[in-house]
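The values are calculated or read from the model by the stated rules, or taken from the named source; none is laboratory data. In this text, all values refer to a predicted model and were calculated from it rather than measured experimentally. With ideal geometry, Cβ positions are generated from the backbone for all residues, glycine too; neighbour counts draw on all protein chains shown. Accessible surface areas use protein heavy atoms only, side chains included; no ligands, DNA or RNA. Shrake-Rupley method; radii C 1.70, N 1.55, O 1.52, S 1.80 Å.
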Amino acid sequence: MENRILVVDDEKETRELLSRALTRLSRFRVELAEDGEEALRRIEQENFDLVLTDLKIPKKNGLQLVAEIAKSKPEVLTVLMTDHETMDSALEAMKQGASDCLTKPLNVEEMIVRLQRVLEERQRFVRLKELAAQLERANQEFKRLDQMKSEFISVASHELRTPLATIKNIVQLILKGRTGEINEVQADFLSMAEKNTDRLTSILNNLLDLSRIEYGKIDIKSEELDLRGIIEFILSSLKPQAEEKSIQLYMELPKELPLIYGDRGKIEQILTNLIGNAIKFTPEGGEVSVLSKPFYADGNMVAISVRDSGIGIPEDQLERVFEKFYQVDGSLHRSTSGTGLGLAITKGLVEANDGTIWAESQVGKGSTFTFTLPVSKGEKRDLRFRHILDKAFQRAQGNLTSLTLFLIDVVDEGSQSKDALIGLLEKKLIECVYRKADTVVRREKDKILAVLCDTDVMGAQVIRERIEQEVQEHFVKGRETPPVIKVGAATYPEEALSKRELFRKAKGQLRG
Ligand code: ADP
């Protein structure tokens, strides 16, 4: 494609010489202007790819022209011509946005090569920008499809569960002889149908759980819990399964196991999945144990491990077992029925309870899956805050708007001044937000939780800076040591797509 170049020089002779050289030696379309103002006017009205200007031109010098073009038409490239005495201007021109500088007297061939080079570079840059935009569009589309997929799975599994439950009821009625006598063969077939309905229901439940986790719609109702009772309950409910394979079940818990804070139903589901897998992947006569100990590496947590003496998992697949639909290669793993969703769900449930999960294993010797849960601090977490966050989050999802979660911790402060500082920060936060009606700022003992609707990443950054500035001012007002505060923030949808993710990201920043 032909490139359009505007040559700006007050000397008619130079203009014409350049025009001839550029047109004859290369495929440039050249236009001419004699001063800065004419050049700017033409750039405004027409499309140019490059402006080649002399430094000394009337009605604005070359440097000013470069700077103005960089500001008003950044897509137009500029190249400045200087002579030896004005070399300093070359540097200045590059700072102002010129793509290159040529020194007079000009070597025409060199000039053409250099002009072509800057034009090619720009083309590469434009192409790169286009590709980045395409990538961004593809990414957005991918996110949209992913969301549609989750919704589809959620609706489909929900809708399929009801007819399945009806089928199961009918099969059970016939099996119990309520519709007349049936013979043994019929009973066998019906039992098979019943088992398969159960299997289908469990697959649907798994899909539904997974889509809730991925879609950030998992409902967590946390409370203070005694783990011992929960573990005993799950072990006894899985005992028949273990007995079928003569597997011994053990529980090794320390006497003083702290209370934890989590969702009972979800923790039962985690334990059922892990102990169920341990039994499934352990040959006859093996052992499965549930162990627990305090775990301080990541705050105040309790670690619960499910250890088996089973077939084990190769080292290189230990991480992958938590991926959805992943099943370890090898006949021993494949021979047992499963969908490969259990551990993905388990991981999601552990994380929804603010814990982490990992696996250790030795092939042929056994595996240990360990997850952590937060120790209860005796606090009643603010259910109202959660409720308001739920509502605000739903609204942000529905209206495609942003939402930022802020957590602010005041550390190292005397209790009196801590109170004052928290009060100040709370006020500042409310001052900063744009839609006050939708904003919730909760004050707890030594921290602030805030949901800010319509606040995107940039807005959150501004608020963070203002808060930090407020703290500095507080410090300046006659204190010896600055107060230490930690601010954690995460924004939907740029940084997190679910409430859990918002909390995790914001809390992660607090720890960092
Ligand atoms: P599923 O059990 O339905 O196949 P999971 O997500 O629960 O799906 O597990 C994924 C894979 O991880 C299993 O198919 C199995 O290969 C491996 N796995 C899980 N738990 C164990 C275990 N305790 N011992 C050996 N392999 C295991």
Item to check | region 325-346, subset among the aliphatic types (A, V, I, L, M) and within 8 Å of the ligand (Cβ to nearest atom), residue modelled with the lowest pLDDT | outcome: 328
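Among the candidates 151, 194, 159, which residue alone is open to solvent by 90 Å² or more (accessible area, probe 1.4 Å) and of a type outside the set (Val, Ile, Thr)?
Of 151, 194, 159, the one residue that is open to solvent by 90 Å² or more (accessible area, probe 1.4 Å) and of a type outside the set (Val, Ile, Thr) is 159.
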Checklist entry - With 31, 75 as the choices, which residue is open to solvent by 70 Å² or more (accessible area, probe 1.4 Å) and either touching a residue at least 40 places away in the same chain (Cβ under 8 Å) or among the acidic types (Asp, Glu) (or both)? => result 75
Next on the checklist: Against the definition (modelled with pLDDT of 85 or more, open to solvent by 90 Å² or more (accessible area, probe 1.4 Å) and touching a helix residue (DSSP H, G or I) at 6+ places or on another chain (Cβ under 9 Å)), how does residue 59 come out, yes or no?
Outcome noted: yes
Checklist outcome for this item: Within region 263-282, the count of residues that are within 16 Å of the ligand (Cβ to nearest atom) and in contact with a strand residue (DSSP E or B) (Cβ under 8 Å, 6 or more places away or on another chain) comes to 9
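For region 283-308, how many residues are near the ligand (Cβ under 10 Å from one of its atoms) and open to solvent by 10 Å² or more (accessible area, probe 1.4 Å)?
Total satisfying the criteria: 2.
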Checklist outcome for this item: Of the residues in region 267-282, those that are under 17 Å from residue 351 (Cβ atoms) and open to solvent by 30 Å² or more (accessible area, probe 1.4 Å) number 3
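Do you know which residues across region 34-56 are closer than 19 Å to residue 115 by Cα, more than 44 Å from the chain's Cα centre (by Cα) and open to solvent by less than 10 Å² (accessible area, probe 1.4 Å)? Reasoning before the result, please.
In the first step, residues of region 34-56 are kept if they are closer than 19 Å to residue 115 by Cα; the result is 39, 43, 47-55.
Those still in the list that are more than 44 Å from the chain's Cα centre (by Cα) too: 39, 52-55.
Passing the criteria: 39, 52, 53.
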Checklist entry - Which of the residues spanning region 68-85 are touching a strand residue (DSSP E or B) at 6+ places or on another chain (Cβ under 9 Å) and assigned to a helix (DSSP H, G or I)? => result 69, 70, 84
Item to check | Hits in region 336-360 - residues which are in contact with a Phe, Trp or Tyr (Cβ under 9 Å, 6 or more places away or on another chain), not in a helix (DSSP H, G or I) and not acidic (Asp, Glu) | outcome: 336, 339, 340, 341, 353, 355, 356, 357, 358, 359
Item to check | residue 199 being at pLDDT below 95, within 28 Å of residue 266 (Cα to Cα) and loosely packed, with under 13 Cβ neighbours inside 10 Å | outcome: yes
Item to check | Counted residues, region 388-431 - those being modelled with pLDDT under 70 and part of a helix (DSSP H, G or I) | outcome: 3
Item to check | Check on residue 481, modelled with pLDDT under 75 and open to solvent by 50 Å² or more (accessible area, probe 1.4 Å) | outcome: yes
Item to check | Members of region 86-103 found to be hydrophobic (A, V, I, L, M, F, W, C) and not in a helix (DSSP H, G or I), listed by number | outcome: 98, 101, 102
Next on the checklist: Going through 247, 230, 260 one at a time, which residue ends up being open to solvent by less than 40 Å² (accessible area, probe 1.4 Å) and within 13 Å of the ligand (Cβ to nearest atom)?
Outcome noted: 247
Next on the checklist: With the requirement that a residue be open to solvent by 30 Å² or more (accessible area, probe 1.4 Å) and closer than 17 Å to residue 386 by Cα, what does region 484-512 give you?
Outcome noted: 497, 499, 500, 501, 504, 505, 507
